[in-house]
Amino acid sequence: MAVKLSVLASGSRGNSIYVATEKVALLIDAGLSARAIEERLQAIGAIAAELDGLVVTHEHLDHVRGIGTLSRRYGLPVYVNEQTYRHLPDVVGELADRVEFVTGQSFAIADLDVHPFAISHDAVDPVGLTLVNGITKVGICTDLGVATRLVYHHLQRCQALVLEANHDLEMLKNGPYPWALKQRIRSRAGHLSNEETGEILAAVLNEDLREVILAHLSETNNCPQTAVKSLRTCLAEHRCQHWRLQVACQHRPTEMLILP
């Protein structure tokens, strides 16, 4: 068995992750238009018509813009907790099918075990996710202002991690955003800095970890080179170099990862 993964898009203008196993193909969020999602899938050798469902982490538009159209076009179930569903923006429209999950309770989609866990963000009931297929575990944790003990607990023993590295502290401090927005980003319900992401990664490193993807980088307050340098600095004392670090971006998907 294997898990395939590609971050189709990541950033303030749209987020989506493709995950597939032998028996199921899913999108985690769909914050681009349906057409853009279809094009990104084609770019990695996948087909939208072969999707089996969509899992929603929270209701912000950059995570849900395309879920309604995709659900209706392909008859896809949308897995979403009750509060997030109730607060979906009007642009989403009707869903072909809705499957409600409860934050903190695992559920299965074919051969993939999904565990949604609570995170701190300015949404009604936002979740991070772990996805398990056989011995392979993937952790997805973006859009959070602080890493709680629960976050650290669930990101242990992953073979792949998709982690937010939203901003560089100095770039945010000296950048063009209004003070109120800067405060929101730095709050417990905002977004993680590069340094905070480095602290998480240092705490959950394990010998089975193979892939780390930095996600949701701000195009104004961060850049890939700065994020990678910051992570490497945070991890200087750790000699675990068997994993690869890459950065997801807004404009193109990452390469398809195949995790044994």
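The values are calculated or read from the model by the stated rules, or taken from the named source; none is laboratory data. Note that this is a predicted model, so its numbers are computed, not measured. Ideal geometry is used to build each Cβ from the backbone, glycine not excepted, and the neighbour counts take in all protein chains shown. The protein model used for the area step is the full one, side chains on, heavy atoms only, and it has no ligands, DNA or RNA in it. Shrake-Rupley method; radii C 1.70, N 1.55, O 1.52, S 1.80 Å.
Run ILE140 past the list (1) within 17 Å of the chain's Cα centre (by Cα); (2) over 23 Å from SER33 (Cα atoms); (3) β-branched (Val, Ile, Thr) and report the number of the one that doesn't hold.
Only one criterion is unmet by ILE140, namely (2).
Considering segment 192-216 alone, what residues qualify as being in contact with an Asp or Glu (Cβ under 6 Å, 6 or more places away or on another chain) and either open to solvent by 10 Å² or more (accessible area, probe 1.4 Å) or under 20 Å from VAL127 (Cβ atoms) (or both)?
LEU192, ALA215, HIS216
Is segment 99-106 home to any residue that is free of Cβ contacts under 8 Å to residues at least 60 places away in the same chain and more than 30 Å from GLU199 (Cβ to Cβ)?
Yes, segment 99-106 contains at least one residue that is free of Cβ contacts under 8 Å to residues at least 60 places away in the same chain and more than 30 Å from GLU199 (Cβ to Cβ).
Per-residue answers, yes or no, for (1) under 14 Å from the mean Cα position of the chain (by Cα); (2) under 28 Å from ILE258 (Cβ atoms); (3) hydrophobic (A, V, I, L, M, F, W, C):
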{"position": "GLN156", "(1), (2), (3)": "no, yes, no"}
{"position": "ASN166", "(1), (2), (3)": "yes, yes, no"}
{"position": "ASN174", "(1), (2), (3)": "no, no, no"}
{"position": "ILE185", "(1), (2), (3)": "no, no, yes"}
{"position": "GLY190", "(1), (2), (3)": "no, no, no"}
{"position": "ASN194", "(1), (2), (3)": "no, yes, no"}
{"position": "ASN206", "(1), (2), (3)": "no, yes, no"}
{"position": "LEU214", "(1), (2), (3)": "yes, yes, yes"}
{"position": "GLU219", "(1), (2), (3)": "no, no, no"}
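For ALA189, state whether it is surrounded by fewer than 20 Cβ atoms within 10 Å (Cβ to Cβ) and in a loop (DSSP other than H, G, I, E, B).
yes
Report, by residue number, each residue of segment 192-205 that is touching a Cys at 6+ places or on another chain (Cβ under 8 Å) and not in a helix (DSSP H, G or I).
If the condition is that a residue be touching a Cys at 6+ places or on another chain (Cβ under 8 Å) and not in a helix (DSSP H, G or I), then LEU205 is the only one that fits.
Any chance segment 239-257 includes a residue that's surrounded by 15 or more Cβ atoms within 10 Å (Cβ to Cβ) and assigned to a helix (DSSP H, G or I)?
Checked segment 239-257: no residue is surrounded by 15 or more Cβ atoms within 10 Å (Cβ to Cβ) and assigned to a helix (DSSP H, G or I).
With the condition kept exactly as written, say whether any residue in segment 12-31 is modelled with pLDDT of 95 or more, among the aromatic types (Phe, Trp, Tyr), touching a Leu at 6+ places or on another chain (Cβ under 9 Å) and crowded, with 21+ Cβ neighbours inside 10 Å.
So far as segment 12-31 goes, yes, one or more of its residues are modelled with pLDDT of 95 or more, among the aromatic types (Phe, Trp, Tyr), touching a Leu at 6+ places or on another chain (Cβ under 9 Å) and crowded, with 21+ Cβ neighbours inside 10 Å.
Please specify each residue of segment 173-193 satisfying the condition of being among the aliphatic types (A, V, I, L, M) and without any contact (Cβ under 8 Å) to a residue 60 or more places away in the chain.
If the condition is that a residue be among the aliphatic types (A, V, I, L, M) and without any contact (Cβ under 8 Å) to a residue 60 or more places away in the chain, then ALA180, LEU181, ILE185, LEU192 are the ones that fit.
Residues of segment 206-232 being under 23 Å from LEU172 (Cα atoms), outside any loop (DSSP other than H, G, I, E, B) and modelled with pLDDT of 90 or more, which ones?
ILE213, LEU214, ALA215, PRO224, GLN225, THR226, ALA227, VAL228, LYS229, SER230, LEU231
Is it the case, given these coordinates, that GLY14 is among the small types (Gly, Ala, Ser) and under 23 Å from THR103 (Cβ atoms)?
No.
Return yes when GLN159 is in contact (Cβ under 8 Å) with a residue 40 or more places away in the chain and either hydroxyl-bearing (Ser, Thr, Tyr) or surrounded by fewer than 22 Cβ atoms within 10 Å (Cβ to Cβ) (or both) and no when it is not.
yes
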